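Some notes on the structure that comes next.
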Amino acid sequence: MLFVQAFSSFLAKSKFAHLSGSDVTVARRAFLDGTGTSLAGATTEAGTKILAHTREHGGSGPARVIGSGLRTSPLHAALANGVLAHSVDYDDVNHPMMGHPTAVLLPVIYALADLEGLSGREAIVSYAVGLELAAKLGRIVNPWHYEQGWHATSTLGTLAAAAAAAKVLDLDPERIETALALAASLASGLRRNFGSMAKPFHAGHAARCGLESALLASRGFTASREVLEGEMGLFALFGKRPSRAMIKKMADELGRPYELTASGLAVKQYPCCAGAHPAVDAALSLRRELQWKADAPDRVLVRVHPLLPRMMIYDRPRTSLQAKFSLRYCVAAALEDGRLNRASFTGAALARSSVRSWMMKTDIRPDLGREGVKGEIPTRAEVVFCWQGGRRLKKVVAKPVGSPDKPLPDEIMADKFEDCARGLLGRERVRRLLSLFSDLENVADLRQITRRLVSARKPCRIAAAG
């Protein structure tokens with residue numbers, strides 16, 4: 001049986017009862033965190049531009065655009081909310097996917113919830129099957145796919161979005177196959193665009209295209225059922241000739257267990273590329289051990305995986321968006337301030353001479369681990385503080401806080417949500433949303449959530465691009 005057939009059958013049969021308690025917990029946290037990062041996205045320059053674009057071109061419709069008073073078509077809402085979800089680069093990561101699943105899945109689920117109504121349990125199942133496909137495809141084609149320059153959030157995310165939409169629309173297996181085949185032809189996104197507004201656009205593009213693929217399939221559109229494994233198919237073009245044994249293994253493991261807990265989600269502490277988080281954790285840990293102003297190091301050595309320089313492609317960033325993809329800047333800003341937050345990524349923060357000084361003192365060495373080892377994801381960093389005279393202080397972080405096996409505490413998740421929602425939603429609405437997300441599986445209609453995400457307030461920009 002082809003993978004697309006196996007997955008389509010799996011998707012059609014998936015039920016909430018098949019999910020474990022841990023699966024549901026991870027999904028709840030994904031909805032909370034993804035919604036918060038979307039609200040924060042409404043305050044960015046990319047966010048204000050996509051809101052203006054949607055206002056001018058989106059027309060009217062039932063679907064709400066987060067953090068605004070806009071209601072538009074489901075396709076335009078999926079695009080806009082995907083851009084918002086990813087524009088701060090504060091949203092979660094799935095390691096096998098090597099991408100950001102919630103930024104493409106949540107906009108689809110919210111758009112269809114506003115169109116047709118959807119219970120919390122139905123939303124969780126739709127999210128679960130979307131993540132399942134994203135991670136399984138990632139296990140088949142990564143890390144080669146990512147290393148070649150593809151942005152998996154957009155490429156694999158387009159198919160994942162189609163899967164989530166197909167579940168909401170209750171498509172039969174044949175039409176699910178069509179939705180995935182159409183999505184495969186729309187899958188795109190280049191990592192060369194990191195550090196620009198094109199990166200969050202990738203998430204919105206994936207959400208919109210995945211949703212459109214499922215909607216077209218629901219009307220009887222046709223496409224090739226061999227679009228993944230066939231000659232000139234997705235696996236041949238996007239993967240390094242994955243073996244039939246590997247593809248069959250992934251098909252056999254669908255939902256055993258679900259990827260919600262098999263690989264899980266890394267929830268970000270810092271609003272920047274996930275590749276920086278281990279080094280930032282290590283640097284901040286060392287900083288806390290010192291009387292900082294009196295005993296700051298003369299030089300900082302940062303050792304990382306060889307893939308990192310191709311993830312974080314700006315050694316000397318010129319804009320705050322580029323700074324999110326500069327390991328040197330992220331470490332330097334953390335050392336200067338003792339923290340790394342949304343305020344760290346503004347034009348004014350980037351321009352500080354004190355941060356530039358730390359950047360000059362920081363030496364990046366991509367020699368930790370081996371490049372090209374299948375399945376090796378760069379989640380480790382070593383930071384060494386060095387002083388004249390030979391004194392050294394070292395910290396190794398194998399996985400940053402927020403990783404699936406080192407989850408952020410619930411109170412930190414709530415604080416992050418409140419910080420992201422601040423300025424757009426009132427305190428009472430934030431409190432009510434936190435309550436709804438904590439019991440998501442018992443929410444009768446997801447519109448109880450989406451109607452509370454609109455704001456008549458004009459977003460206050462805090463993350464300038466310059």
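What to note about this one:
- The share of Cα pairs per 5 Å bin across the stretch 274-397, counted from zero up to the longest distance, runs 2, 12, 23, 25, 19, 12, 5, 2, 0 percent.
- Based on the Kirkwood approach, the hydrodynamic radius assigned to the stretch 137-179 is 11.3 Å, with every pair of different Cα atoms included.
- Among the listed pairs LYS199/LYS268; LYS167/LYS240; LYS199/LYS324; LYS13/LYS249, those beyond 22 Å (Cα-Cα): LYS167/LYS240
- Relative contact order of the chain: 22 percent, from C-alpha pairs under 8 Å at least 6 residues apart in sequence.
- C-alpha long axis of helix 173-186 to longest principal axis of the chain, angle in °: 40
- The lysines whose alpha-carbon is closer than 21 Å to the alpha-carbon of LYS293, local same-chain residues fewer than 8 away aside, are LYS361, LYS394, LYS395.
- Where a label projected 7 Å from the Cα of ARG365 along Cα→Cβ would reach, residues of the stretch 269-304 with amide N under 17 Å: 279, 283, 298-304
- Ranking of SER435, SER263, SER213, SER73 by count of other Cβ atoms within 10 Å, fewest first: SER435, SER73, SER263, SER213
- The alpha carbon centroids of the stretch 255-327 and the stretch 232-253 are separated by 31 Å.
- Whole-number D in µm² s⁻¹ for the stretch 3-62, Kirkwood Cα-pair radius fed into Stokes-Einstein, 37 °C, 0.692 mPa s: 218
- In loop segments of the stretch 191-293 as defined by DSSP, the trypsin sites (Lys or Arg not before Pro) with at most 14 further C-beta atoms inside 10 Å of their C-beta are ARG219.
- Scattering from the stretch 159-263 was approximated by placing one identical point on each alpha carbon and applying the Debye formula without solvent; log10 I(q)/I(0) at 0.18, 0.21 1/Å stands at -1.02, -1.23.
- For the chain, leaving out every one of the GluC sites (Glu not before Pro) that falls in a DSSP loop and has at most 12 other Cβ atoms within 10 Å, the longest unbroken run is 1-230.
- Dipole axis of the chain (+1 Lys, Arg; -1 Asp, Glu on Cβ), positive-most option in VAL443, HIS57, VAL125: HIS57
- Summary value for the stretch 187-326: 28 percent relative contact order, contacts being C-alpha pairs under 8 angstrom separated by 6+ residues.
- Between helix 152-168 and the chain: long-axis angle, C-alpha atoms, 0 to 90°, nearest 10: 40
- With N as its number of residues, the stretch 205-354 has a Cα radius of gyration that, divided by 2.2 N^0.38 Å, comes to 1.49.
- Principal axes of the chain: Cα extent on each, largest first, Å: 72, 52, 39
- Grouping the Cα pair distances of the stretch 3-262 into 5 Å bins from zero gives a pair-distance distribution of 1, 7, 15, 20, 21, 17, 11, 6, 1, 0 percent in increasing distance order.
- What you get for the stretch 274-397, charging only the Cβ of Lys and Arg (+1) and of Asp and Glu (-1), is a dipole of about 100 debye around the Cα centre.
Every number here is computed from the coordinates shown, using simple stated rules; none is lab data. As the structure is a prediction and not an experimental result, all values here were calculated from the model. Cβ sites come from the backbone with ideal geometry, for glycine too, and all protein chains shown count toward neighbours.
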